[in-house]
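The values are calculated or read from the model by the stated rules, or taken from the named source; none is laboratory data. None of these values were measured; they are calculated from a predicted model. Using ideal geometry, Cβ is built from the backbone for each residue, glycine included, and neighbour counts are taken over all protein chains shown. Areas reflect the complete protein model, heavy atoms only, side chains present, ligands, DNA and RNA absent. Shrake-Rupley method; radii C 1.70, N 1.55, O 1.52, S 1.80 Å.
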Amino acid sequence: QFTPSSFLRIGQLSNVDLNEDIRELETELPRQHPNEIPHNEKLLSLKYESLDYDNSENQLFLEEERRINHTAFRTVEIKRWVICAMIGILTGLVACFIDIVVENLAGLKYRVVKGNIDKFTEKGGLSFSLLLWATLNASVVMVGSVIVAFIEPVAAGSGIPQIKCYLNGVKIPHVVRLKTLVIKVCGVILSVVGGLAVGKEGPMIHSGAVIAAGISQGRSTSLKRDFKIFEYFRRDTEKRDFVSAGAAAGVSAAFGAPVGGVLFSLEEGASFWNQFLTWRIFFASMISTFTLNSVLSVYHGNAWDLSSPGLINFGRFDNEKMGYTIQEIPIFIFMGVVGGILGALFNALNYWLTMFRIRYIHRPCLQVVEAMLVAAVTATVGFVMIYCSRDCQPIQGSTVAYPLQLFCADGEYNSMATAFFNTPEKSVVNLFHDPPGSYNPMTLGMFTLMYFFLACWTYGLTVSAGVFIPSLLIGAAWGRLFGISLSYLTKGSIWADPGKYALMGAAAQLGGIVRMTLSLTVIMMEATGNVTYGFPIMLVLMTAKIVGDYFVEGLYDMHIQLQSVPFLHWEAPVTSHSLTAREVMSTPVTCLRRIERVGTVVDILSDTSSNHNGFPVVESNPDTTQVAGLRGLILRSQLIVLLKHKVFVERANLSLVQRRLKLKDFRDAYPRFPPIQSIHVSQDERECMIDLSEFMNPSPYTVPQEASLPRVFKLFRALGLRHLVVVDNRNEVVGMVTRKDLARYRLGKEGLEELSLAQT
């Protein structure tokens, strides 16, 4: 049993250093509850490394760049375009695959259950149908959850927070591996077919990013195949640009919105941007949409008619029927406020739920059980709602895929069933386009309420699933309800078409949950194929974002924070001018001399207590009266490659015999550098000397120790650095600023807070 005082201590949000609390808790807890992990959102995890966006300009790099002539640079540029085209094509094909498989499997499931329900409605015993439906759902979701929980946990969720972190410069383990892609695609198919309140749109972004990272390297480390192409792009700088193109291609395949994809990549993803990149990303998005479009058109049997641009198509909105007038603008703004409040409520509930999951449901088997439970509950809720609903509509002229008759008269169908007995995408389109009078307000109200809690419970399960479509569905349901009640109030006047309000409600709800403005406006405009709604959608989204931000942050940012990722925002915290580099930096710094004993290097790298990744190189003067000034910076990965190739000499004066390393040797080891434990150095070799001068970066970025935190932050963030050396006025190394030192400071409720670092 759990005493309130210790619970308070875990959940306590205090500005003091929480390390003592947690250490104390860890000593208390194992005796009472071994199944509980103390987790606090005021921590930063030390398990995440940074990506290096800054090229190491050592002598090897400069020699290679000098050798490359103008035509070679042109071929590199052409290769970039080719890679972007390939990213687009492959992302489109993956989207097609997901779409076709989901359509067939879900269709099969719904036909089986519908036949069963029709059979048992006549002779009684509908509980069997419920059992069948729940069992089908739970078993499908079980498979989808097992592969994620046991094989690749990074594939859980929509993957947007992870890609956001990757583009910000945080190296999240396994996030762009081939294995992740396979698990992601299978997991999405299974969770959508399993009837969970999820969409297949969010994971497309992650899939696109994985495809991009894989193609741009010209090899697969998982499959141990090297195709010897695109070797120039084997570094973080290039890989990251292609990943942002892949994310954009994913959005445009999901929504048929190439411009929206580019803007998404700009708004949510990429921290680094230039014009050429924009143009290439747009190219990748266009190719991706076109591929999806042509393949799906062929699959649907009309090869020349490119009518399905994205995985979700909201259908055309006609201007005649659906125009809006100036007096509706305040109504739309009010809907934005409602969406912001509901979105904030969704995020707050999901926050507490995720905290609970991190603390108690951290074993893979428990996570699978929870996913099955949610699947069964979703089916049960849907069944009970359909069973209790008495809302019957005539089948004539309706476009229902699987009409359930249940207790309705012949020639009629149950309208609650169109909402629950369908994939969420189809339900959204139905809510947008069904003629007025297709839904009973009571039906819509109950559906919104239930689906809101189901979607909230589902996001964060150990299955691959997106939150886009459920949010659109919740919003479309209450928006339509709003439109119906408006037309009741105005005695059925012409302008209150419920479909239009369903669209605005969907935008408001999605904006309130994920807080995207620019890209979401364009995505909604492109998906509806109507530019006239741009203005009201923009108003709705802005209102939803402003109102939602007043209460709680967006869903993706919240999950990034809950995973304790050292994420750097655009600006340093507002009130941080009083801090200087001296207070922020990490000391003491492990430095290497320019000509160093191999034994010293091996000992420094093997020391587990200081897992540093960058070492300042200082001048090694025999005359100790002179100061050891900073000469350069060398990375752990470079040192490991040097040791692996045994680039050292017996004595300090024989610097001619060593084999010349090429830049290619470093590129071939990227991105999985071997750990230092796997490199054997004999006792004789430990006495040799190693000369770092041609491998170190001779011009690292430095700041004086008096620089203020915002200044350090700007330099670090804009250049995408991994290490920033702090020097004093004699150019001696006094400290090192890394990502964690900057991400530690955050603006909290009471002002500037400092987070503590934890090894979790």
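Summing -39500 (n - 2.57) over the DSSP H runs of n ≥ 4 in the chain and dividing by its residue number, what mean residue ellipticity at 222 nm do you reach, to the nearest 500 deg cm²/dmol? Show your work: numbers first, answer last.
On the way: 29 runs with 418 residues, N = 760.
My calculation for the chain gives -18000 deg cm²/dmol from helical runs alone.
Compute the helix-to-body angle for 441-458: its Cα long axis versus the longest principal axis of the chain, expressed 0 to 90° and rounded to tens. So the helix axis and the longest Cα principal axis differ by about 20 degrees.
Taking the Cβ of residue 87 as the center, what net charge do the other residues with Cβ under 15 Å away carry, scoring Lys and Arg +1 and Asp and Glu -1?
Numbers: positive: 79, 80, 239, 240, 280; negative: 238, 241.
Counting the neighbours of residue 87, the net charge comes to +3.
Work out how much length residue 305 to residue 178 would gain on full extension: take 0.36 nm times their residue separation and subtract the Cα-Cα distance, in nm to one decimal. Working shown, then result.
Values: separation 127, 0.36 × 127 = 45.72 nm, distance 3.35 nm.
Value of the extension gain: 42.4 nm.
Once backbone amide H atoms are built at 1.01 Å from N, residue 705 has 727 as its partners under 5 Å, excluding neighbours fewer than 5 places away on the same chain.
When the convex hull of the Cα atoms of the stretch 218-259 is projected onto a plane and the area is averaged over all directions, what value comes out in nm²?
On the way: hull surface 15.4 nm².
The number I arrive at for the stretch 218-259 is 3.9 nm².
Relative contact order, percent, of the stretch 581-759 when contacts are C-alpha pairs under 8 Å separated by at least 6 residues?
Working: 258 pairs, mean separation 54.7, N = 179.
It rounds to 31 percent for the stretch 581-759.
At a probe radius of 1.4 angstrom, the accessible area of the stretch 152-267 per residue rounds to 23 square angstrom. Three principal axis extents describe the C-alpha atoms of the stretch 581-759; from largest down they are 60, 40, 28 Å. Scalar couplings 3J(HN,Hα) for the stretch 564-579, obtained by applying the Karplus form with A = 6.51, B = -1.76, C = 1.60 to θ = phi - 60°, are 6, 7, x, 8, 9, 7, 5, 10, 5, x, 4, 9, 9, 5, 6, 7 Hz; x denotes Gly and Pro.
Please state, as a whole number in µm²/s, the translational diffusion coefficient that the Stokes-Einstein equation yields for the stretch 77-300 at 20 °C and 1.002 mPa s, with Rh defined as the Kirkwood radius across alpha carbon pairs.
The calculation lands on 117 µm²/s.
With a 1.4 Å probe and all protein chains in place, put 300, 680, 433 in order of accessible area, largest first. Don't skip to the answer; put the middle values down first.
On the way: 300 95, 680 140, 433 70 Å².
In descending accessible area the options line up as 680, 300, 433.
Using a probe of 1.4 Å on the protein chains alone, the accessible area found for residue 412 is around 60 Å².
Hey, what angle do you get for helix 518-528 against the long axis of the chain, alpha-carbon based, 0 to 90 degrees rounded to 10? Once rounded, the angle reads 40 degrees. Can you classify the stretch 41-137 as rounded, prolate or oblate using the Cα gyration tensor, where a ≥ b ≥ c are the square roots of its eigenvalues, rounded means a/c under 1.5, and otherwise it's prolate if a/b beats b/c and oblate if not? It is oblate, given that a/c is not under 1.5 and a/b is not larger than b/c.
With contacts taken as Cα pairs under 8 Å at a separation of at least 6 residues, the stretch 334-563 carries a relative contact order of 29 percent.
Placing a label point 7 Å from the Cα of residue 706 along the Cα-to-Cβ line, the residues of the stretch 719-743 whose backbone N sits under 14 Å from it are 727-731. Measuring only protein heavy atoms, the 1.4 Å probe finds residue 699 accessible over about 70 Å². Annotation: cysteines of the chain without a disulfide-compatible partner (Cβ-Cβ under 4.7 angstrom) are 84, 96, 165, 186, 365, 388, 456, 591, 688.
So if we plug the beta-carbon distance of residue 582 and residue 55 into 1/(1 + (r/R0)^6) with R0 = 30 Å, what FRET efficiency do we get, rounded to 0.05? Intermediate values should be presented prior to the final figure.
On the way: r = 28 Å, r/R0 = 0.94.
Approximately 0.60, to the nearest 0.05.
Between residue 714 and residue 569, the modelled label-to-label distance comes to 1.8 nm, taking each label 7 Å out from Cα in the direction of the beta carbon.
Within the assembled protein chains, the solvent-accessible surface assigned to residue 608 is about 120 Å², based on a 1.4 Å probe.
Assign one of three labels to the stretch 159-276, namely rounded, prolate or oblate, based on the Cα gyration tensor with a ≥ b ≥ c the square roots of its eigenvalues; rounded applies when a/c is under 1.5, prolate when it is not and a/b is larger than b/c, and oblate otherwise. Oblate shape, in that a/c is at least 1.5 and b/c is the bigger or equal ratio. Using a ≥ b ≥ c from the Cα gyration tensor of the stretch 334-563 (square roots of the eigenvalues), is it rounded, prolate or oblate, where a/c under 1.5 gives rounded and otherwise the larger of a/b and b/c decides, a/b for prolate? Because a/c hits 1.5 or more and a/b fails to exceed b/c, the stretch 334-563 counts as oblate. Between residue 729 and residue 81, the simple spin-label model (points 7 angstrom out along Cα→Cβ) gives 5.5 nm. Rolling a 1.4 Å probe over the protein heavy atoms gives the stretch 334-563 an accessible area of 35 Å² per residue.
Residues 352, 81, sorted by accessible area with the largest first, give 352, 81 [1.4 Å probe; ligands and nucleic acids excluded].
Computed over protein heavy atoms with a 1.4 angstrom probe, the accessible surface ordering of 225, 219, largest first, is 225, 219. Axis of helix 178-193 versus longest Cα principal axis of the chain: the two differ by about 20°, to the nearest ten degrees. Relative to the Cα centre, the charge distribution of the chain, modelled as +1 at Lys and Arg Cβ and -1 at Asp and Glu Cβ, gives a dipole magnitude of about 1260 debye.
Pairs to check: 644/740; 179/545; 42/644. Give those whose C-alpha atoms are more than 31 Å from each other in this structure.
Values: 644/740 29 Å; 179/545 36 Å; 42/644 40 Å.
Result: 179/545; 42/644 exceed 31 Å.
Lys and Arg at +1, Asp and Glu at -1: add these up for the other residues within a Cβ distance under 13 Å of residue 696 and post the number. Neighbourhood net charge equals -1.
Normalised by the residues of the chain, what does the relative contact order come to in percent, with Cα pairs under 8 Å and at least six apart?
Taking the mean separation of contacting Cα pairs over the length of the chain, I get 18 percent.
Here the chain has an Rg and Dmax of 28.7, 101 Å, counting Cα atoms alone.
Taking the 1.4 Å solvent-accessible surface of the chain as the whole, the part contributed by carbon and sulfur is 62%.
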